[in-house]
Amino acid sequence: MSRSLLAPSLLTVGLLAALPSFAQSHAGHDMTAASPPADATPAPAADVDHSKMDHSKMDHGAMDHSKMDHGAMDHSTMGHDTPAPTQPREPIPVPTDADRAAAFPPIAHGAMEHAPEIHSLLLIDRLEHWDGKNGNGQAWEASGWIGGNINRLWLRTDGERSEGRTESSGVEALYGRAISPWWDVLVGVRQDFRPADSRTWAAIGIQGLAPYKFESSATLYAGSGGQLMVKAEIEYDVLLTNRLILQPLLEATVASKDEPEHGIGRGLNKVEAGLRLRYEFNRRFAPYIGISHERAFGDTADYAGDHARDTRWVAGIRMWF
Amino acid sequence: MSTRIPPGPGAVPMPSRRLFVQGIAAGGVVAGIAAAGIPQRALAAASATPRLAGAPSVISDTRVELAIGESLANFTGRTRPAITVNGSLPAPILRWREGQTVDLFVRNTLGQHPTSIHWHGILLPANMDGVPGLTFNGIGPGETYHYHFDLKQSGTYWYHSHSLFQEQAGLYGALIIDPAEPAPYRHDREHVIMLSDWTDMDPGALFRRMKKLAEHDNYYKRTLPDFLRDARRDGWSAALSDRGMWGRMRMTPSDISDINAHTYTYLMNGTAPAGNWTGLFRSGEKVLLRFINGASMTYFDVRIPGLKMTVVAADGQYIHPVSIDEFRIAPAETYDVLVEPTGQDAFTIFCQDMGRTGYAAGTLAVRHGLQAPIPARDPRPLLTMSDMGHDMGGGGHGGHGGHDMAAMKGMEGGCGASMGHGAHGGGETASKAPKHPASERNNPLVDMQSSATEPKLDDPGIGLRDNGRQVLTYGAMRSLFEDPDGREPGREIELHLTGHMEKFSWSFDGIPFAGAEPLRLNYGERMRIVLVNDTMMQHPIHLHGVWSDLENAQGEFQLRKHTIDMPPGTRRTYRVRADALGRWAYHCHLLYHMEAGMMREVRIEE
């Protein structure tokens, strides 16, 4: 069993390495951009326009004059064509005190209503019943956020029940900050309720939309006793139609320490690969069916015994609010 | 004191409480849309709805009371709350004459919420402009605001709420100012054609939905079968390369409009297509059609099969007449169009949305009850990389490996090399790589930057190219008058339209309104605004208080407007004569883009 560890662990390492590098490479591109000053910069008229106009406009002598003769030239001596006047054809009215009062009336604080800047989303990505060779049960995975465009509070939960018993469940609360258009960094805590004793983890992670629209996340958890775990997940939507959507998913967990009492073995300990086919009756509500293969590796597999590998049929619903 | 409004045909008494506007608004359905997979909405209910023919009432008194209140409307078979003026949706047509002074007593009967009316495109003192928080304090519940201003211009304009999402809920109407001097054209009859979009959703809830899942209405994404078809047609490498480019951008080429007919019912003069709004004519008459796009989020492509249209004014201002078959009208724009219907008893005015998901329609007919065939919607367009200002060395989008890299670089934030191509002809040789403002860099709210933008003034736009019809372009329109100011711009301000599709965050230069400093103009100056579109969406940009004088590709005065449409991949310039003191709103006229941050204050000070 430990022989087959190699390929998936390479995949996992590759995945973990790739996620941050997407963000970095983006930043790198940004740095190459020229950086003119921000808006409201008075630019000399020649700066932008002439470079692009010269070729096509050399033959329009009159117009070129009008573009170039800012102030420096004496218009009064140029009686021939129609250079741009320095005074407006329609005179600018001289403002009166009444005009000034009408232009800047006292404005009460808060007179402008703004659309709310705090928004939220609760996505129940998977709420399913499963049926495998070792029994059946239920599983869920949901995430939600509340906040603005940049700073958000994230809540995530996942868990699994088997034969009427909760095998594992956890809740995470994280502060997330957008560090680039597509990536958020998250920091917070995770509370496991099962298996064995409940356990609290510090969590730091990254999540976002990788190029080619892979929904990705990787989180490092630090628990009591010096245990470090990394969980990475990647999923993708294959549109068979605009409502019938096939979603492959890959999830992997790696641990730094052997913890038999928690059923955790060192190294790659669990990989789950799923394929779910959902139908979006509307955007908010989509039932699905699918198949999921879960496999434990190394010592984790030994601790799991019969449950080390399982292929399950799943049926569930995906919803958001 | 204020006078009461004379009840015109179809007018409803002052609404001190909710009442139905069903009769006036002509409950309707999205007829013929079921075929496209859009839920059919209670056909029976709507066709049973009694309907009053014709437009909203016309008010021509210069001393008017307008009561803003909540009414119930039914366009889809469901009765929903609407915000109306004098119980009417659209609001009454205000019709005055250039040179008059008007007094409007706008009363808020909403009960809880403040309100406002902005007179779109009208030159007036700032405290009459109707933008809460910038030019006045808004109109609180139970309050009346006295608008008082001189009419210094003529043409087709409109008015709408500038408070949160009230415009979406129905608060918009036509404002027509007859010229003091005779118009430069003759017409025998005229009709106002106000186009709009209606949703049964609470507009605030719709905004919240956009923030959760901006792609909600995009049921037109390319699928696996589409990919296989393209691979068979173009070869695997071309198809993969094309999907790769879009995939690396995390975008989809079918994102033509944020909200479409999956959410909206499109209205003509407050009438859904099934209600068949009808404007009468006699054969041989010259009929002036005053088109106004009062929609919150919808671009319409308008044509009247069987009729040539002659455009004589844009945004209320006369232009040299242009003969066309079709025009695209951005939200907030107005076009005056002459037609000479003859040879048929009925013509369909067909206004499909830019994404081809639905349409507003009505009929020009010699009598009520007639209808001409409604054409099929055009094929749905897909954006290309060159549409979005990603230089592909000639506008192609089939793609080779080398192009991928250039496009990728541009998308990821750097400036791709500009390779100037004259794909759109017409002397538009201004192709260049824009310099992006520093505030766009490393900005999580900027998901795209263009690498090669052009004015594209002669481009009919996405979905309208090579369709066999003569389509209006900005390049084809010239003001009937010389530059009224004449001075060269003394300086220029460049602003980039920016956004993040998925976060549904919109901004100028990557800075949403809440965190932006005002743009300051000096009273009396003539300056130039340069807009560069760094998004894949189209934005109609409206500057309050002063005109936006669009320049041609050579930087010369061309067309006086109040709303400048900015397709993706464009860089357009216009002149501003800062002759109105005050704090003016400057924003994208897609309502939800404005509310999501694509707005600035422009402060004109001495």
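At a glance:
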quantity	calculated
Elements of type strands (runs of 3 or more DSSP E) in the range A:94-184, at least 1 residues being closer than 19 Å to residue A:295 by Cα, more than 10 Å from chain B (Cβ to nearest Cβ) and touching a His at 6+ places or on another chain (Cβ under 6 Å)	A:135-147
Members of the range B:199-228 found to be in a loop (DSSP other than H, G, I, E, B), among the hydrophobic types (A, V, I, L, M, F, W, C) and in contact (Cβ under 8 Å) with a residue 60 or more places away in the chain, listed by number	B:201, B:214
Lone unmet requirement of (1) surrounded by fewer than 23 Cβ atoms within 10 Å (Cβ to Cβ); (2) at the interface with another protein chain (Cβ under 9 Å from one of its Cβ atoms); (3) not β-branched (Val, Ile, Thr) for residue B:582	(1)
Matching residues in the range B:141-172 - criterion: being outside any loop (DSSP other than H, G, I, E, B) and either over 12 Å from residue B:83 (Cβ atoms) or without any contact (Cβ under 8 Å) to a residue 12 or more places away in the chain (or both)	B:144, B:145, B:146, B:147, B:148, B:149, B:150, B:155, B:156, B:157, B:158, B:159
Verdict on residue B:316 being farther than 30 Å from residue B:594 by Cα and not hydrophobic (A, V, I, L, M, F, W, C)	no
Evaluation of residue B:181 against (1) part of a loop (DSSP other than H, G, I, E, B); (2) farther than 30 Å from residue B:209 by Cβ; (3) in contact with a strand residue (DSSP E or B) (Cβ under 9 Å, 6 or more places away or on another chain) (one fails), failing number	(3)
Among the residues listed as A:156, A:126, A:89, A:165, the single one being among the charged types (D, E, K, R), farther than 30 Å from residue B:141 by Cβ and under 15 Å from the mean Cα position of the chain (by Cα)	A:156
Residue match in the range B:448-457 (condition: surrounded by fewer than 19 Cβ atoms within 10 Å (Cβ to Cβ) and more than 8 Å from chain A (Cβ to nearest Cβ))	no
Residue check for residue B:510: farther than 22 Å from residue B:119 by Cβ, at the interface with chain A (Cβ under 10 Å from one of its Cβ atoms) and in contact with a Ser or Thr (Cβ under 8 Å, 6 or more places away or on another chain)	yes
Tally of residues being without any contact (Cβ under 8 Å) to a residue 60 or more places away in the chain and buried (at least 19 other Cβ atoms within 10 Å of the Cβ) across the range B:343-370	5
Members of the range A:260-300 that are in contact with a Pro (Cβ under 9 Å, 6 or more places away or on another chain), modelled with pLDDT under 90 and not hydrophobic (A, V, I, L, M, F, W, C)	A:262, A:263, A:299
Any hit, the range B:194-216, residues being within 20 Å of the chain's Cα centre (by Cα), more than 14 Å from chain A (Cβ to nearest Cβ) and aromatic (Phe, Trp, Tyr)	yes
Strands (runs of 3 or more DSSP E) wholly inside the range B:494-555 containing at least 1 residues that are within 22 Å of the chain's Cα centre (by Cα) and either within 20 Å of residue B:213 (Cα to Cα) or aliphatic (A, V, I, L, M) (or both)	B:505-508, B:526-533, B:539-543, B:548-551
Every residue from the range A:217-232 that is touching a strand residue (DSSP E or B) at 6+ places or on another chain (Cβ under 8 Å) and outside any strand (DSSP E or B)	A:224, A:225, A:227
Condition broken by residue B:446, with the remaining ones in (1) under 22 Å from residue B:249 (Cβ atoms); (2) aliphatic (A, V, I, L, M); (3) at pLDDT below 95 satisfied	(3)
Check on residue B:431, within 12 Å of chain A (Cβ to nearest Cβ), in contact with a strand residue (DSSP E or B) (Cβ under 6 Å, 6 or more places away or on another chain) and modelled with pLDDT under 50	yes
Residues satisfying the stated conditions in the range B:546-563, i.e. in contact with a Pro (Cβ under 9 Å, 6 or more places away or on another chain) and among the small types (Gly, Ala, Ser)	B:553, B:555
Count of the range B:459-485 residues which are within 19 Å of the chain's Cα centre (by Cα) and part of a loop (DSSP other than H, G, I, E, B)	9
Residues satisfying the stated conditions in the range B:73-98, i.e. in contact with a strand residue (DSSP E or B) (Cβ under 8 Å, 6 or more places away or on another chain), over 20 Å from residue B:115 (Cβ atoms) and either of a type in the set (A, V, I, L, M, F, W, C) or surrounded by fewer than 17 Cβ atoms within 10 Å (Cβ to Cβ) (or both)	B:75, B:79, B:95, B:96, B:97, B:98
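The values are calculated or read from the model by the stated rules, or taken from the named source; none is laboratory data. Fair warning: this is a prediction, and the values are worked out from it, not measured in the lab. Every residue, glycine among them, receives a Cβ derived from its backbone with ideal geometry; neighbour counts consider all protein chains shown.
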